[in-house]
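Down below is the structure, laid out as structure tokens.
What follows draws every value from the coordinates through simple rules; no lab data is involved. Here the structure is a predicted model, which is why all the values come from computation and not from measurement. Cβ: placed from backbone, ideal geometry, glycine included. Neighbour counts: every protein chain shown.
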């Protein structure tokens, strides 16, 4: 439609063919980027919804995956799409043979990472925090305490980032400041777990 407004008459098939040819030529660059990121010692992986129009006049909800270099090398990211799937098979394909740490949300597709021999599965604190933030009106005292501890963890990381701390400095400060906070949070959660059901708001969080 935009081309027609400019007085240029192009068929949809021609535009589709050009796009396909362009993608084919860019694929080697994409593959190199993908390889480089998969060499990282830390990956951040997330999946998000996209509309898929693979049937005339109808769209369906699908998923596209983003894989980010979470190390200090910061080689960027790549997107991965396979039929719009969000299944465990995608995790298998992406991380087959990978060795390192993988940070994800709580999507069930990632649960299998606990059984990958060379992968350390990390939880995303932003997603953890959100769980408690969403129920804070119903569990004010508990959530205030939990969110305060998570906030303290964030402050440690912000300070390290602000002064561009070295790897050794990061490790030392996390041991001295973050580990005690995590231990306190863990103890508190275990105590509260005894007094709530798994399906309650607090128990689910």
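This ranking places 166, 178 by how few other beta-carbon atoms lie within 10 Å of each, fewest first, which gives 166, 178.
Fully extended, how many nm does the chain gain between residue 164 and residue 41 (0.36 nm per residue separation, minus their Cα-Cα distance)?
Extra length available between residue 164 and residue 41 comes to 42.4 nm.
Label reach from residue 157 (point 7 Å along Cα→C-beta): in the range 33-50, amide nitrogens under 18 Å belong to 41-47. The range 171-205 and the range 97-142 have Cα centres separated by 13 Å. Extents of the range 64-114, taken as max minus min of Cα coordinates on every principal axis and listed largest first, are 29, 24, 21 Å.
Add -39500 (n - 2.57) for each DSSP H run of 4 or more in the chain, then divide by its residues: what number comes out at 222 nm, to the nearest 500 deg cm²/dmol? Mind dumping the intermediate values first?
Details: 8 runs with 98 residues, N = 205.
Helix-only estimate at 222 nm: -15000 deg cm²/dmol.
Between residue 124 and residue 144, the distance separating the two model label sites (each 7 Å from Cα on the Cα→Cβ line) works out to 2.9 nm. Shown here: the range 125-204, whose C-alpha atoms stretch 43, 21, 17 Å along the first, second and third principal axes, sorted largest to smallest. Taking N as the residue count of the range 82-178, its C-alpha radius of gyration divided by 2.2 N^0.38 Å amounts to 1.35.
Computed from Cα positions, the angle between helix 140-162 and the longest principal axis of the chain comes to roughly 70 degrees.
According to the calculation over all Cα-Cα pairs in the chain, the P(r) per 10 Å bin from zero is 7, 22, 28, 23, 11, 7, 2, 0 %.
Applying 0.36 nm per residue to the separation of residue 137 and residue 114 and subtracting their alpha-carbon distance, the gain on full extension is 5.0 nm.
Given a Förster radius of 41 Å and the C-beta distance between residue 48 and residue 190 as r, what FRET efficiency does 1/(1 + (r/R0)^6) yield to the nearest 0.05? Working shown, then result.
Numbers: r = 33 Å, r/R0 = 0.80.
Efficiency, from the Cβ-Cβ distance: 0.80.
Counting other Cβ atoms within 10 Å as a rough exposure proxy, the listed residues 96, 127, 186 run 96, 186, 127 from fewest neighbours to most. Footprinting exposure proxy ranking of 34, 19, fewest other C-beta atoms within 10 angstrom first, gives 19, 34.
Out of 13, 87, 176, any idea which swings most in a Gaussian network model of the chain, alpha carbons joined below 10 Å? Fluctuation is largest for 13.
Based on the Kirkwood radius over alpha-carbon pairs, what value in µm²/s does the Stokes-Einstein equation return for the translational diffusion coefficient of the range 2-123 at 10 °C and 1.306 mPa s? Diffusion coefficient, whole number: 96 µm²/s.
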